[in-house]
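The structure appears right after this line, and notes come after that.
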């Protein structure tokens, strides 16, 4: 990663501050003074700032397929916390959520103890397309599906950056793709046709996909391995 980013992550300063200190010659990499904020470093390099060794924090990054009834909170009195699904040495940390899936729904949740990183990821995820599987309480007939698809086309043409696509996955499950996180537009369509959503499953956000990760399971990833 870039030296300016490495410094801002592990010293606790803004990116602009890190660039300023680097250009002032206050940062050394493997005993060599570096004045370029874009200089590439890894955790194997020895980075020194004002004579002090900068140690890479041992942050953890977890991708979870949240089950129904679990809440995206560290502690909860009304339901189970999604943190209970994680290893004890992770669950005991001060965790933060890059996104939230409601208790009655399932799917992709990104968790880390790196507060700055999760805040950044929240902003990125809000701008990425999303893929949902929508389970309804009843069967969706061809006429209803056709009406939903026609309405999606109309919305996609009238609302900037809000392209919506609806396809049948099974008799009562629809595959919903939304260009941005404006899913309320699509959900209004279900309500207008008296179609009741039983479960909403978030499968993908941008390039980040659960793949074949089972509900209730998790993957631990590196920061560099998480591509949104």
Out of the range 56-73, which residues are at pLDDT below 85 and either buried (at least 20 other Cβ atoms within 10 Å of the Cβ) or touching a strand residue (DSSP E or B) at 6+ places or on another chain (Cβ under 9 Å) (or both)? 56
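Which residue out of 139, 134 is farther than 20 Å from residue 207 by Cβ and either surrounded by fewer than 17 Cβ atoms within 10 Å (Cβ to Cβ) or out of contact with any helix residue (DSSP H, G or I) (no Cβ under 9 Å at 6 or more places or on another chain) (or both)?
Of the residues listed, the single one that is farther than 20 Å from residue 207 by Cβ and either surrounded by fewer than 17 Cβ atoms within 10 Å (Cβ to Cβ) or out of contact with any helix residue (DSSP H, G or I) (no Cβ under 9 Å at 6 or more places or on another chain) (or both) is 139.
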Selection from the range 9-45 of residues that are farther than 15 Å from residue 223 by Cα, assigned to a helix (DSSP H, G or I), out of contact with any strand residue (DSSP E or B) (no Cβ under 8 Å at 6 or more places or on another chain) and modelled with pLDDT under 90: 12, 15
Go through (1) in contact (Cβ under 8 Å) with a residue 24 or more places away in the chain; (2) surrounded by fewer than 17 Cβ atoms within 10 Å (Cβ to Cβ) and name the single condition residue 49 misses. (2)
Residue 130 - would you say it is at pLDDT below 95 and under 13 Å from the mean Cα position of the chain (by Cα)? yes
So which residues in the range 1-40 are in contact with a helix residue (DSSP H, G or I) (Cβ under 8 Å, 6 or more places away or on another chain) and over 18 Å from residue 117 (Cα atoms), if there are any at all? 19, 21, 22, 27, 29, 34, 35, 36, 37, 38, 39, 40
What is the number of the single condition among (1) within 30 Å of residue 13 (Cα to Cα); (2) touching a strand residue (DSSP E or B) at 6+ places or on another chain (Cβ under 9 Å); (3) not in a loop (DSSP other than H, G, I, E, B) that residue 128 does not meet? (3)
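The values are calculated or read from the model by the stated rules, or taken from the named source; none is laboratory data. From a predicted model like this one, the values you see are computed outputs, not experimental measurements. Note that we place each Cβ from the backbone using ideal geometry, even for glycine, and neighbour counts take in every protein chain shown.
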